[in-house]
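The values are calculated or read from the model by the stated rules, or taken from the named source; none is laboratory data. As the structure is a computational prediction, the values presented were derived from the model and not from experiment. Don't worry about glycine lacking a Cβ; one is built from the backbone with ideal geometry, like all the others, and counts go over all protein chains shown. SASA here: full protein model, heavy atoms, side chains in, ligands and nucleic acids out. Shrake-Rupley method; radii C 1.70, N 1.55, O 1.52, S 1.80 Å.
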Amino acid sequence: MARPRPGLKNAPTPAGLPASEVYKACNPADFPFKTTSALPELDEVIGQERAVKAVDFGITIRSDGFNIYALGPPGTGKASTISLFLEKEAASLPVPDDWVYVNNFALPHQPVAVRLPPGRACDFRHGMEKLVEDLQSAITLAFDGEEYDQQRHTVAQSISERQEKLIDALRGEAETDGFVMVRTPAGLAFAPRTPEGETMSRDQYNELPAEEQAAIDTGLERLNQELQQLMRQVRQEEKSGRESLRELDEQVTTYAAKHLIDDVRERWSDVPAVGDHLEAVLKDVVENASEFKASDEEAPASFMGITIPAKQRAEAAFRKYRVNVFVDNSGLKGAPVVRETNPNLHNLVGRVEHQAQFGALVTDFNMIKPGALHAANGGFLMLEARDLLTRPFAWDALKRTLKTSEIRIEDVGQQLGYAATATLDPGPIPLQAKIVIVGEAYIYYLLYEADPDFQELFKVQADFDTVEDRTPQSEQLYARFIGHICRLDKSPHFSAAAVARVIEHASRLVADQDKLSTRFMVVVDLVREAVFWTTRRKKTARVVSADDVQKAIDERLHRSGRIEERVREMITEGTILVDTAGSVVGQVNGLAVSAVGDHAFGRPSRITATTRLGTGDVVDIEREVAMGGPAHSKGVMILAGFLGARYAADRPLSRTARLVFEQSYSGVDGDSASSTELYAILSALSGLPIRQCFAVTGSVNQMGQVQAIGGVNEKIEGFFDVCREKRFTGDQGVLIPAANVRNLMLDSRVRDAIAAGRFHIHPVSTIDQGIEILTGVKAGRLRGSYYPPGTVNRLVYDKITEFVETAKERRTPKEDA
């Protein structure tokens, strides 16, 4: 420890902040209630005026592209707030139309999407199912009737008579010419006849003279040609007969089916698309009337030796007449509000399923399944940004849907060019829905910069804040929010004092006496933990006290505080060197914040500085070994600027200073220790020892102004706990930037020590103020070209002058030239 030099101008240590300024208490007497059970239900959103206006604008405007991105950190109530607004708006909107898919009889691989009035999709499906049953009965009955059998017999008899007439005419001609018509396994044929009227044998034919044989052969050839012509006429008659029977079947089927289909068509006369579909159904039924005929004698069908039951065959035949109810809004009382928690491609735009049949994958329009966009059509769809962007193809599919205003079911295999099973290409469904994406702010800014489509499709930014002003009105709303949680959980209500303690903790969460946290997820957790400790204390307790809230806070800190306690133990035991008493040249206690999960704690660190003759650099050892971050390196460079401007504006700064965080093994970043490092350098240059009873935090600019930093409460409490473990001396404390006073929400243990005079908080605005407290010597103001003797600045100035003179003496003649 350096001895005090004679002739120094001593600077008395100023009084620190009073305990009333390091914490803003909430007075329970300001609340007009004893417990939150007396408060009305919360009917407004707390602290999100900007976001609320954006959401209201986004869900109300009907123009294309005005979809919403709600940005903010988790726990700010984005999803719950938006859901509240969406449900309110949806209740005022009409129920959207239903959608069904039906078979496309002309192009079966392209099913047709049909829009139906809301709530009528299931009616249409049931109507078509009943129609198929009625058609099967009516057509079967029509074909089983005597009239149909008689008409069919008449047609068949007419054909048979015409065929026999043609054959008889040819038979008579053959007999006239001396031939007989015979039936063989190969069909009709002619043979010569003997005078006795018998069929001539081959031997008899061979005994005939050659002239008679030639005449017989000529006659046979002529008759065979006529027979061929006859058989063509017979086949034509058979074809004509089949067509007549087919026409008969079509007439019978049309007669049996048309009035049934017309009845259904009349019930759906307000939906032209249904009429078009029923017309196609009638045409297909007439063409496939045989499928509707019930026959007990029908031969069983089989595939690869496997018999297919008749019932299964009938179901397969009638599947094409079914209705696939795709979107059914019969249960809605307004527009839908859908929140998709797993927004992969199929869950967004739907999918076409397949099933295995006899070793092959088959599908039809009945196996088309809807996605979230279909369910939200006509209403609102909420998605989580992170979930959406991490699902392959989902983001691109959503953009395509929004740009085309059509929902198309997409197959991943076809997009990737893989060989895929034959599938369907369902007709698109028009989209009219508002999309709301909820996510972190950085995702919004990344998409805005990297994806031009995002700017076009999501034009409404709903920015949720993490803080709100702490006013009597906002405190009252906080109390109503706590009451709302208690009612929701059916738990004991909070006393006015308990509410006040929650509000104080909400200010501590944001480190601001005049703000409250709007990250209500953390507040809700605190409320529920306090209720737990209330019921643990007394099962029949009906009111949560302030002590219960404090118990919840303390227990949470204890659960997360293992590493903090181990670090403090190492400091107390001397493993990590931190002094809390005495004075040392070039050594100062710095403060940093370490975060482990959701727990942050202050950690004192020894910072030392050494100086020597050099080129004017401030060497950051952390940076030299790649353990210092860019913000920390920037802060160190600012120190060089400050020293050069103040002490060597018109001459070379012929010294080098080295700075280091002692026993730092995990890297350093941030500039909150830059003022601390500057104090160490000033001490090393002036030779004045720094009082180790103080710890310092704060950044500094080149003008010597101390600037605000973060984590001030954790830093103060971290040094306080070390001082308490090492025994209080009565003069220990922390130097903080004056701009951070409003951020103080210190724990009661620190406030009690401040009130008792055992611990002190000194706000400083400049380096001069800080160095006076740390050294007990006046900083000294510049008078003309010099600082007053016996001041810190004069000692530093003289030391630098000494470095400059020494540097001049060591220069070679060549360097001077």
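What the table below lists for this structure:
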{"read-out": "Of all residues in the stretch 455-464 being touching a residue at least 12 places away in the same chain (Cβ under 8 Å) and touching a helix residue (DSSP H, G or I) at 6+ places or on another chain (Cβ under 7 Å), the one that is most open to solvent (accessible area, probe 1.4 Å)", "value": "Q461"}
{"read-out": "Residue, most open to solvent (accessible area, probe 1.4 Å), within the stretch 675-727, restricted to residues that are among the basic types (K, R) and closer than 26 Å to A595 by Cα", "value": "R724"}
{"read-out": "Single residue of G629, G635 found to be over 30 Å from Y787 (Cα atoms) and modelled with pLDDT under 70", "value": "G629"}
{"read-out": "Candidate set: the stretch 567-582, residues that are under 16 Å from F728 (Cα atoms) and small (G, A, S); chosen: the one nearest to the chain's Cα centre (by Cα)", "value": "A581"}
{"read-out": "Subset tally (residues that are at pLDDT 90 or above and out of contact with any helix residue (DSSP H, G or I) (no Cβ under 8 Å at 6 or more places or on another chain)) for the stretch 280-304", "value": "2"}
{"read-out": "Tally of residues being open to solvent by less than 50 Å² (accessible area, probe 1.4 Å) and more than 19 Å from A684 (Cα to Cα) across the stretch 566-579", "value": "5"}
{"read-out": "Residue in the stretch 54-63 that is over 30 Å from Y444 (Cβ atoms) and open to solvent by 60 Å² or more (accessible area, probe 1.4 Å) present", "value": "no"}
{"read-out": "Matching strands (runs of 3 or more DSSP E) fully within the stretch 331-433 where at least 3 residues are touching a Pro at 6+ places or on another chain (Cβ under 9 Å)", "value": "380-384"}
{"read-out": "Test: A106 is under 30 Å from M521 (Cβ atoms), at pLDDT below 95 and aliphatic (A, V, I, L, M)", "value": "no"}
{"read-out": "Scan of the stretch 101-120 for residues that are surrounded by 19 or more Cβ atoms within 10 Å (Cβ to Cβ), in contact with a helix residue (DSSP H, G or I) (Cβ under 8 Å, 6 or more places away or on another chain) and either basic (K, R) or under 14 Å from P430 (Cα atoms) (or both), ordered by number", "value": "Y101, V112, V114, L116"}
{"read-out": "Qualifying residue in the stretch 519-531 (condition: of a type outside the set (F, W, Y), open to solvent by 20 Å² or more (accessible area, probe 1.4 Å) and free of Cβ contacts under 8 Å to residues at least 12 places away in the same chain)", "value": "yes"}
{"read-out": "Close pairs from the stretch 391-406: first farther than 14 Å from P430 by Cβ, partner in a helix (DSSP H, G or I) and open to solvent by 20 Å² or more (accessible area, probe 1.4 Å), Cβ under 6 Å, at least 6 apart", "value": "W395/L389; K399/D453"}
{"read-out": "Scope the stretch 439-488; condition among the hydrophobic types (A, V, I, L, M, F, W, C) and touching an Asp or Glu at 6+ places or on another chain (Cβ under 6 Å); matching residues", "value": "none"}
{"read-out": "Identity of the residue in the stretch 1-29, farther than 29 Å from S545 by Cβ and open to solvent by less than 50 Å² (accessible area, probe 1.4 Å), that ends up modelled with the highest pLDDT", "value": "L17"}
{"read-out": "Options G145, G178; residue that is open to solvent by less than 30 Å² (accessible area, probe 1.4 Å), free of Cβ contacts under 8 Å to residues at least 60 places away in the same chain and closer than 30 Å to A256 by Cβ", "value": "G145"}
{"read-out": "Extreme residue, nearest to S686 (Cα to Cα), among residues of the stretch 581-592 that are open to solvent by 10 Å² or more (accessible area, probe 1.4 Å) and in contact with a strand residue (DSSP E or B) (Cβ under 7 Å, 6 or more places away or on another chain)", "value": "V585"}
{"read-out": "In the stretch 593-602, the residues that are in contact (Cβ under 8 Å) with a residue 40 or more places away in the chain and surrounded by fewer than 22 Cβ atoms within 10 Å (Cβ to Cβ)", "value": "V593, H599, A600"}
{"read-out": "Among (1) charged (D, E, K, R); (2) at pLDDT 85 or above; (3) under 29 Å from R125 (Cβ atoms) - the single one R386 does not satisfy", "value": "(3)"}
{"read-out": "Neighbours by Cβ (under 9 Å, 6+ apart or cross-chain): first from the stretch 217-241, basic (K, R); second open to solvent by 50 Å² or more (accessible area, probe 1.4 Å)", "value": "R222/D177"}
